[in-house]
Amino acid sequence: MEYSSPEGPGAGFFPLWYGVAILALSLLLVASRLTRAPRRGDPVDWRRTGRALSVWLALAVSVALFKVLGFVASFALLTYFIVAVMYGRPARTASAVALATGLGFYLVFDLALGLALPAGTLGF
């Protein structure tokens, strides 16, 4: 994507600076956590750490499934995992949220904006 064009900012302008902002704010969060020294004897909350790492793993699996399932189906599965497993909601609720999220992405990007999201080998 072009960073700039003769008419002004190109298609790559916003994603680049959005990424820079996310990186800078992430580093700020890490730095703020590191400056607050834990008290001696404070145990590590492994349950919370495991939950956070499991969401990162689910996100990585979701990205890996893009080529096979496509963006919409892969993101719907990620949404299902987060709602059902991480928030402990019933399977029916998680399915409804996942379906609505996938459908929402399809309606906004494919139909409203005319931007095709990545489709997988299965065609979604």
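The values are calculated or read from the model by the stated rules, or taken from the named source; none is laboratory data. No experiment lies behind these values; they were computed from the predicted model shown. Neighbour counts run over all protein chains shown; Cβ positions are idealised from the backbone, glycine included. With ligands, DNA and RNA removed, areas are computed over all heavy atoms of the protein, side chains included. Shrake-Rupley method; radii C 1.70, N 1.55, O 1.52, S 1.80 Å.
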Legend entry - Members of segment 104-124 that are surrounded by fewer than 14 Cβ atoms within 10 Å (Cβ to Cβ) and touching a residue at least 24 places away in the same chain (Cβ under 8 Å): 118, 121, 122, 123
Legend entry - Complete set of residues in segment 90-123 that are outside any helix (DSSP H, G or I) and closer than 19 Å to residue 59 by Cβ: 117, 118, 120
Legend entry - Those residues of segment 64-107 which are of a type in the set (Phe, Trp, Tyr) and farther than 24 Å from residue 121 by Cβ, in sequence order: 87
Legend entry - Test: residue in segment 3-13 that is among the aromatic types (Phe, Trp, Tyr), assigned to a helix (DSSP H, G or I) and surrounded by 10 or more Cβ atoms within 10 Å (Cβ to Cβ): yes
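Does residue 75 qualify as being under 19 Å from residue 103 (Cα atoms), at pLDDT below 90 and surrounded by 10 or more Cβ atoms within 10 Å (Cβ to Cβ)?
On the way: under 19 Å from residue 103 (Cα atoms): yes; at pLDDT below 90: no; surrounded by 10 or more Cβ atoms within 10 Å (Cβ to Cβ): yes.
No; evaluated as a whole, the condition is false for this residue.
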Legend entry - Which listed residue, of 44, 63, 30, 20, is closer than 30 Å to residue 88 by Cα, modelled with pLDDT of 85 or more and either open to solvent by 70 Å² or more (accessible area, probe 1.4 Å) or not small (Gly, Ala, Ser) (or both): 63
